[in-house]
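J.: Quick one: the structure is below, questions incoming.
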Amino acid sequence: METIKAVIVDDEKNNRLALLKLIEKFCPQVQVVAECDSVDSTIETIEKAPADVIFLDVEMPGKNGFDLLAHYNYQCPFEIIFTTAYSQYAVKAFRFSALDYLLKPVDPEELIRAVHKLSVKISEEIKNKQFELLEQKISNKDAGKKQLAISTLEGIYFASLDEIIHVDADSSYTKIYLTTGEMIMSSKPLKYFEELLEDFDFVRVHQSHIINLKLIRRYVRGDGGQVIMMNGTEIEVSRRKKDDLLAKISDTL
């Protein structure tokens, strides 16, 4: 088994120790070569002894995790697994960018999964876009851009929220239909996208469908009714979702 050299970066000593113990117990292939409590000490450490992966705390006093990325112009010579204290907003930011993260306190299974995924190589260009998207979401700089990174079997696809017409469940997978005519297949369930898109102009109108309110062509009355989307797709509205849909359509007018 090839050894993975790691550095733990967190300003809280207890957090560093807790993660170290988990790594030693559940990820024997990972050798923690250093612990750092700041961005500056991390840079100094890595220059002396390069690492394969950095377990990087996002929020730290002074310089934060993004300052470390900026130091390398987002061309980091190592992999990154972010760590963060629980925050629903932060979790959504990571999901929007399709980047790996560990919530504190770290769950052993999540740690094992994140380390296992280190073997999946992603191009520098894609990683840079993911880092940029994450920083925009966490710092709330993404007004007007609103992109979503979608994990697919082939890699990562970046889509603007404005080009997503509707999102449909397909067994345990999800199909995302775009204004470009493309269909993106994601291994994430529909509930995952419902939680990500609920703060924007999207609404779940059926057990199997989420629609973009801005891209409805017309609504056809009925028991629950139907919406005709701009790409011509007819989507059934469940009876219990009808009032919520009509209220939200009214709000967007």
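The values are calculated or read from the model by the stated rules, or taken from the named source; none is laboratory data. Treat the numbers as computed from the prediction; the structure is a model and nothing was measured. So basically every Cβ, Gly included, is an ideal-geometry build from the backbone, and we count neighbours across all protein chains shown. What goes into the accessible areas is simple: the full protein's heavy atoms, side chains included, and nothing from ligands, DNA or RNA. Shrake-Rupley method; radii C 1.70, N 1.55, O 1.52, S 1.80 Å.
J.: Taking DSSP loops as anything outside H, G, I, E and B, show the longest stretch in the chain free of trypsin sites (Lys or Arg not before Pro) there with at most 11 other beta carbons within 10 Å.
T.: Working: sites that count: 121, 141, 221.
Longest site-free region, per DSSP loop and neighbour criteria: 1-120.
J.: Same structure, new question: With an 8 Å Cα cut-off and a minimum separation of 6 or more residues, compute the relative contact order for the stretch 178-253 in percent.
T.: 21 percent
J.: Counting only protein heavy atoms and a 1.4 Å probe, tell me what percentage of the chain's accessible area is made up of carbon and sulfur. Before the final figure, lay out the partial values.
T.: Working: 6380 of 13460 Å².
It is 47 percent, rounded to a whole number.
J.: Per the Kirkwood formula on distinct C-alpha pairs, the Rh of the stretch 144-253 is how many angstrom? Show your work: numbers first, answer last.
T.: On the way: mean 1/r = 0.0711 Å⁻¹.
In the stretch 144-253 this quantity evaluates to 14.1 Å.
J.: Further question: Can you tell which of 249, 225, 183 lies farthest toward the positive end of the dipole of the chain, using +1 and -1 charges on the Cβ of basic and acidic side chains (Lys, Arg; Asp, Glu)?
T.: 225
J.: Something else now. How high is the relative contact order of the chain, in percent, with contacts defined as C-alpha pairs under 8 Å that are six or more residues apart?
T.: Values: 390 pairs, mean separation 26.0, N = 253.
This gives 10 percent for the chain.
J.: Normalise the Cα radius of gyration of the stretch 56-132 by 2.2 N^0.38 Å (N = residues in it) and let me know the number.
T.: 1.08
J.: Probe of 1.4 angstrom, ligands and nucleic acids ignored: what's the accessible area per residue over the chain, in square angstrom?
T.: 53 Å²
J.: Taking just the alpha carbons, could you work out the radius of gyration and Dmax for the stretch 172-220, both in angstroms?
T.: 11.1, 31
J.: Still on this structure: For the stretch 200-253, build the convex hull from the C-alpha positions and give me its volume per residue in Å³.
T.: 72 Å³
J.: Follow-up question, since we're still on this one. Using the crude model of +1 on Lys and Arg Cβ and -1 on Asp and Glu Cβ, and no other charge, please compute the dipole size for the chain relative to its Cα centre, in debye to 20.
T.: Roughly 820 debye, rounded to the nearest 20.
J.: Taking Cα atoms of the stretch 97-139, Rg/Rh with Kirkwood Rh, to two decimals?
T.: Using Cα coordinates only, the ratio equals 1.02.
J.: To one decimal place, what Kirkwood hydrodynamic radius in Å is obtained for the stretch 1-145 from all pairs of distinct Cα atoms?
T.: 15.4 Å
J.: Sticking with this structure for a sec: State, as an integer percentage, the relative contact order of the stretch 37-138 based on alpha-carbon contacts under 8 Å between residues 6 or more apart.
T.: This gives 25 percent for the stretch 37-138.
J.: Got a sec to turn the phi values of the stretch 169-183 into Karplus ³J(HN,Hα) couplings, 6.51 cos²θ - 1.76 cosθ + 1.60 with θ = phi - 60°, whole Hz, x for Gly and Pro?
T.: 6, 9, 6, 8, 9, 9, 9, 10, 9, 10, 5, 6, x, 7, 10
J.: On to the next question. Taking the stretch 118-212, how many lysine pairs are there with alpha carbons less than 15 Å apart, if each pair must be eight or more places apart or span two chains?
T.: Lysine pairs meeting both conditions in the stretch 118-212 amount to 9.
J.: To continue, here is another question. Here are labelled values, (i) 140; (ii) 122; (iii) 159, and one is the computed volume of the Cα convex hull per residue in Å³ for what I pasted. Which one?
T.: Computed from these coordinates, volume of the Cα convex hull per residue in Å³ corresponds to label (i).
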